[in-house]
Amino acid sequence: MIIGATKCSAASAVFRAGAALVDITPTNFPIRTAGNLTLTVADKVLDPLHVRALVLDDGSTQIAIAVVDSCMVDRATMDAAKAAAQRVTGIPIDRMLIAATHTHSAPAAYSCHGNDVEPGYVAFLIPRLAEAIVEAWRNRVPARVGWGKSDCAQFVHCRRWLMQPGTAENPPAAFTGQVTNLAMMNPGYANTNKIRPTGPVDPAVTVLSVQTADGKPLAVLANYSTHYAGVSEAGLSADYFGEFCRVMAEELGVAEGQPFVALMSNGTSGDANCIDFTKPNWKNDRFQVARAVADAGLEALKAARYQDWVPLAMAEQKRLLKVRRPSRSEVATARAYLAKNVGERPTRNWEENYARETVKLADWPARKEIKLQALRIGDFAIATTPCETFGRTGLAIKQASPFPLTMVMELANGCNGYLPPPDQFALGGYTTWRARSSYLEIGAEPKIRETVDVLLQRVARTNKP
Ligand SMILES: [Zn+2]
């Protein structure tokens, strides 16, 4: 699994790494949380939220990776944090990766569906995102790295199913932009109208491990492609992502916090979650998922071969993509519907939500610029998309990658909605419905995949002594 140790011939170059953890649990309650279709307000903390950061330094290149306990964070917020971190560390903004875990129980940092952004929280978040990167940079010590991969198929299942015609949810096409709906999200075990999942899932638990030069755990960056696990009561939680980090520290026999920090990032879970719809009475919670994924992560690390020095490289590219904007008549229909049926009260169902989303998208620009990245850590690579990316896309990126092991991280460096492959629009369903959670052009997925492939090729060609 681990191929091609790169030895440093420049005797002076020392590989260094540092990690840091910053608490981002809000102190003002109640607060809106993101991820649910309808208004969701938390008034307590189930477990704390964090930004977790890792800075790697090969002596000539420094890269920063941060994972934030949030459903989604937009590009402007992340760029503001990167700029603040750059001012202190000097690490260029295009050598910084920030990704959201996609916990559905964190304050709304982006307006979508029934939960508008909490502006005060965004202002609170930006300096803390920057602080985590700065602290990780300050904490750098001589280090070594290794990596590995294992599978955990138990908690990643396609949540999008092809249905018998006429049995999938079908809100008004004027509000969703989608006339045909043959696919349905979370159909349920008992639903006999479901035919088959609409795509494959990626069961990989991919892990990068960083140790001090004398072999003490310094950081573990992991990645798994399930949406989230959920919480059983209303409250703030880092979901299984946070619990994974706690379990990982416990299993490695170290205290969580500086110097050791675990980071659990989201892979390609746009069409996947923890529920096996072929089994009756399926149950899962964030503790079970964290345990299973941590066990797979620990298994993966058994095969890790640590190297004292590896070359680092990072490439970033921006792309302008078209936005699926509603037509004038669709906006007029939605406005009239909302005036008659909803007024100022919160939305309560799909139909009301998509009418509101249609109005919110009315004055959006015709194009949006998105950011894509590839990172190289020796023979290990990370590719990023800013979308809720489908399993099929992640698998294709890994397949095309010139690296023996590639991690694909979603909701990184912005949040640009679901990214269904073009053929999925013919099937319709939730992830294709036009909203601030799904708005990129139908052809966006192949463009993003191809650009990420080129970026991976580019970092693979980096030549260092
Ligand atoms: Zn989600």
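The values are calculated or read from the model by the stated rules, or taken from the named source; none is laboratory data. The structure displayed is predicted, hence computed values, not measured ones. Virtual Cβ from ideal backbone geometry, glycine too; neighbours counted across all protein chains shown.
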Matching entry among THR385, THR347, THR389 (being touching a Ser or Thr at 6+ places or on another chain (Cβ under 7 Å), within 16 Å of the ligand (Cβ to nearest atom) and not basic (Lys, Arg)): THR389
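Yes/no per residue for (1) small (Gly, Ala, Ser); (2) out of contact with any Ser or Thr (no Cβ under 6 Å at 6 or more places or on another chain); (3) surrounded by 24 or more Cβ atoms within 10 Å (Cβ to Cβ):
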{"site": "ALA313", "(1), (2), (3)": "yes, no, no"}
{"site": "LEU321", "(1), (2), (3)": "no, yes, no"}
{"site": "ALA339", "(1), (2), (3)": "yes, yes, no"}
{"site": "ARG356", "(1), (2), (3)": "no, no, no"}
{"site": "ASP363", "(1), (2), (3)": "no, yes, no"}
{"site": "LYS368", "(1), (2), (3)": "no, yes, no"}
Starting from region 140-154, keep only residues that are polar (S, T, N, Q), then list their pairs with residues that are surrounded by fewer than 20 Cβ atoms within 10 Å (Cβ to Cβ) whose Cβ atoms are within a distance under 9 Å, requiring at least 6 positions of separation or different chains. SER150/ASP295; SER150/LEU298; SER150/GLU299; SER150/LYS302; SER150/ALA303; GLN154/ASP276; GLN154/ASN284; GLN154/GLN288
Select from region 375-421 the residues that are among the small types (Gly, Ala, Ser) and in contact with a Cys (Cβ under 8 Å, 6 or more places away or on another chain) and list them in ascending order. GLY391, GLY417
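Of all residues in region 254-304 being among the charged types (D, E, K, R) and within 16 Å of the ligand (Cβ to nearest atom), which is nearest to the chain's Cα centre (by Cα)? Write out each step before concluding.
Pass one, region 254-304, residues among the charged types (D, E, K, R): 256, 271, 276, 279, 283, 285-286, 291, 295, 299, 302.
If we keep only those that are within 16 Å of the ligand (Cβ to nearest atom) too, we end up with 271, 286.
Details: ASP271: 13, ARG286: 17 Å.
Looking at the filtered set, the residue picked out is ASP271.
Among the residues of region 216-228, are any within 16 Å of the ligand (Cβ to nearest atom), closer than 30 Å to ILE24 by Cα and assigned to a strand (DSSP E or B)?
Going residue by residue through region 216-228, those that are within 16 Å of the ligand (Cβ to nearest atom) are 224-228.
Cutting the leftovers down to closer than 30 Å to ILE24 by Cα gives us 224-228.
Among the residues that remain, those that are also assigned to a strand (DSSP E or B) are: 224.
Yes, there is a match, as at least one residue in region 216-228 is within 16 Å of the ligand (Cβ to nearest atom), closer than 30 Å to ILE24 by Cα and assigned to a strand (DSSP E or B).
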With over 22 Å from the mean Cα position of the chain (by Cα) and closer than 30 Å to ASP308 by Cα as the only criterion, which of VAL145, VAL205, VAL210 stands out? VAL145
GLU233 - would you say it is under 28 Å from ILE442 (Cβ atoms) and modelled with pLDDT under 95? no
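Just to verify a result, which residue in region 427-449, among those that are of a type in the set (Lys, Arg) and over 18 Å from the mean Cα position of the chain (by Cα), is nearest to the ligand (Cβ to nearest atom)? Walk me through it before giving the result.
Of region 427-449, the ones of a type in the set (Lys, Arg) are 434, 436, 447, 449.
Now narrow it down to the ones that are over 18 Å from the mean Cα position of the chain (by Cα): 434, 447.
Values: ARG434: 16, LYS447: 23 Å.
The extreme case among them is ARG434.
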Note down all Cβ pairs under 6 Å where the first residue falls in region 226-247 and is closer than 9 Å to ALA290 by Cα, the second is of a type in the set (Gly, Ala, Ser) and more than 16 Å from the ligand (Cβ to nearest atom), and they're at least six residues apart or on different chains. TYR240/ALA290; GLU243/ALA290; PHE244/ALA290; PHE244/ALA294; CYS245/ALA262; VAL247/ALA290; VAL247/ALA294
Within region 160-194, track down each residue that is surrounded by fewer than 16 Cβ atoms within 10 Å (Cβ to Cβ), among the hydrophobic types (A, V, I, L, M, F, W, C) and more than 23 Å from ALA355 (Cβ to Cβ). ALA190
Residues of region 247-267 being of a type outside the set (A, V, I, L, M, F, W, C) and under 19 Å from ILE65 (Cα atoms), which ones? GLU256, GLY257, GLN258, PRO259, SER265, ASN266, GLY267
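From LYS398, LYS371, which residue is basic (Lys, Arg), under 13 Å from LEU97 (Cα atoms) and at pLDDT 95 or above? Give the derivation first.
Details: LYS398 fails: under 13 Å from LEU97 (Cα atoms).
Sole residue among the options that is basic (Lys, Arg), under 13 Å from LEU97 (Cα atoms) and at pLDDT 95 or above: LYS371.
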